[in-house]
Structures are given as C-alpha cells and as structure tokens.
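This structure is in structure tokens; I'll ask about it shortly.
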Amino acid sequence: MAAGNDGANKPEDDDPFGYLYADGQAAAGRAPQGGGYGYPGPAPAQPGVPRTSYNQVRTVGERQYGQPPAQPYVPPQQQAPYGQPHPQYAAPETYPGNERTRQAPVPPQRGRGPNTKGLLIGAVAVVAVVVAGITAAIIGNQNGEKEQAGGTTPTASAPVTPSGEPSSTDPTTEPTKEAKLPKQDAATLQLGGSATLATDVKGAEGAGGAYVAGFNAQGSSVTWKANMPDGGTYALQVRYAIPAVDAFATLTINGKPNTLPIGLKNFIKSTDPNLEKNWQTTWAQVELQKGENEIKISCEAGNQCDVLLDWLEVTPPKPT
C-alpha cells in the first residue's frame, strides 16, 4: 500500500522492533498512541482524509532517545594547543616513526684543517723574541748602574760604516774646510814700466771696471803678493783681452822665471779686433810655497804683450 493510503492500520504498528525504543518498552512492546518511538504522532484519522505518511524526514542527530545531545564534531586539526605547530602543516619527517625524523650524521670533513701546529710555533717564536728583548734590556740597565757606581762614564763610539771607517757624520772626523785661495784685481797690483790703469774698454770685472793697460811695451809688469795657506802645485788663472791676436808674457814666481811663458792666446777664435768683445781667460801651472809668494807678469824681450789685464786668481791644479 502506497504512502498516504487511509487503511485501517498505522504503519507505526507494523514495526517489529518497536519494543527496543524507550517509549516502546514503556508501552510493553506496544506501539504508543499519538506517535511512537521518537516520531511525532500523526493527525487523527478523519473519514475521507488520507492520513499522512509515517516517513518523517529529520536532520542527522536531531532524534533524541533520552541521551544528552551529541557534541558537534570537531576535526582533529582544530584541537591543537595554542601556540603549537598545527599538525596539518607539520612536515612529514616530523611525525614519530618517520625515518626522516632522525638527524643525519654530519659527514667528516676531508679538507685540510687549520694549521694549529704552525700557529703554535709562531706564538712560541714571538714569546721567545719578547723574552730575549726584556733580558737584554735588564742586562744593559744593570751594566749602566755598575758603571755609574764605579764612577766611570760610558763613552759613545763613532758610528762605523760598512767599510769599517768612521761615519762622516762624526764631527771629529769631518774634513777640514778647504781654505779659500787668493784672487786679486790687476788694477790693485804693483805696476811697473808703462803699465797703467784704464776704464775705457767695457767688460772688465775689476772694481769700477778698471783694468791694466799700456802693457805692450818692454819692461811693463804687474806684481802680486799672494798669501797661500799651503804650499804645492796650483794653477794661476788670468783674465785678459787681446785684439784677436795671440800674445804671451813672462811669468816669474818668487824671483825665478817659470819654465814656460804664460800664453795669452786667442782661445775664442775671434776675428773682431774690438777689445770689448775679446775678454777671455788662460792658466799656467805654478809651484807656490806656504805663506807669501811673489807672482810677476812682465813684458820681456821677445814677448808679444799687446794685452789688457783684468784679474789674477790661484786655483787648485788642473789636469795636464
């Protein structure tokens, strides 16, 4: 019979297991009136009105059988303690029993480790150097105290160069400053014969531009009393001017004629007879004694003496 049939019997009365329900047990295995076994009772049957179906749809967990209402289902992942990693997001290897939860052993390093032996040797060497320096300082201090107690004063030795000679910085070994050699203007010398002073020709270096002229006559001379710091071989330099023609004169040292006359040649190879353009110098090697020396330049027989004399100077010897 289809649902909604208005037959005489109720479907609830057909349940052979009704006695298992609490209300069924209370009715001694009989179907209770006005609904049963947790179902709401149907409306009373009325003639000509179909009865409603006993199949009443309920939501899961709505039916009650005398027990306390069921608690709502809580997924396991929502029961994790506050502040702890949620198991839903935990890595698989963190679960107990997983092989990956064990720590993998760190493989031994095959490379070369720090050179602790070398560092130790270096440290020992540094300590040894420091100890040696401290020991030397203590010994030097003790020696100095002993010398002071004995009344002796340590003397400083001169620094020695690699060659074994005293250093030039030692004031006791500094070479003596070379003595200044004499120089004299010809115009200040003792004149003889026709020699005279003049200032007409420009270019003379003597005081006021003065020089010795009139030297071209036989018997003319200039004499110089030169004071030498030491005796020896020197060079006598003379500044002169000629009219582009070679000249030469006699040189006498301490009353003795020099072996060779002093040459007053045209060394600059001038072709202009203008005396102003022909100033030049020459030199002669001489032997002088320590102290005063008489140096004389004269125009003697056979000399060519057309020359102007500016100054005379003694210098160290020149290579010959």
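The values are calculated or read from the model by the stated rules, or taken from the named source; none is laboratory data. Note that the structure is a prediction, hence the values are computed from the model and not measured. Reconstructed Cβ throughout: ideal geometry from the backbone, glycine too, with neighbour counts over all protein chains shown. Accessible surface areas use protein heavy atoms only, side chains included; no ligands, DNA or RNA. Shrake-Rupley method; radii C 1.70, N 1.55, O 1.52, S 1.80 Å.
Only sites in a loop by DSSP and with at most 10 other Cβ atoms within 10 Å count here; which trypsin sites (Lys or Arg not before Pro) in region 216-271 make the cut?
Within region 216-271, the qualifying trypsin sites (Lys or Arg not before Pro) (loop, at most 10 other Cβ atoms within 10 Å) are Lys269.
Tyr211: accessible area at probe 1.4 Å, nearest 10 Å²?
10
Rank Trp224, Trp283 by accessible area, highest first, at a 1.4 Å probe radius?
Ranked list, largest accessible area first: Trp283, Trp224.
Using a 1.4 angstrom probe on the protein heavy atoms only, could you order Ser220, Ser194, Ser270 from most to least accessible area?
Descending order: Ser194, Ser270, Ser220.
Separate question: For Lys183, which lysines qualify as cross-link partners when the Cα separation must be under 23 Å and same-chain residues fewer than eight apart are set aside?
Lys202, Lys225, Lys256, Lys265, Lys290, Lys296, Lys318
Okay, moving on. Excluding ligands and nucleic acids, what accessible area in Å² is computed for Val124 using a 1.4 Å probe, to the nearest 10?
Around 90 Å² of this residue is reachable by solvent.
Need one value: the accessible area of Glu276 in square angstrom, 1.4 angstrom probe, rounded to the nearest 10.
100
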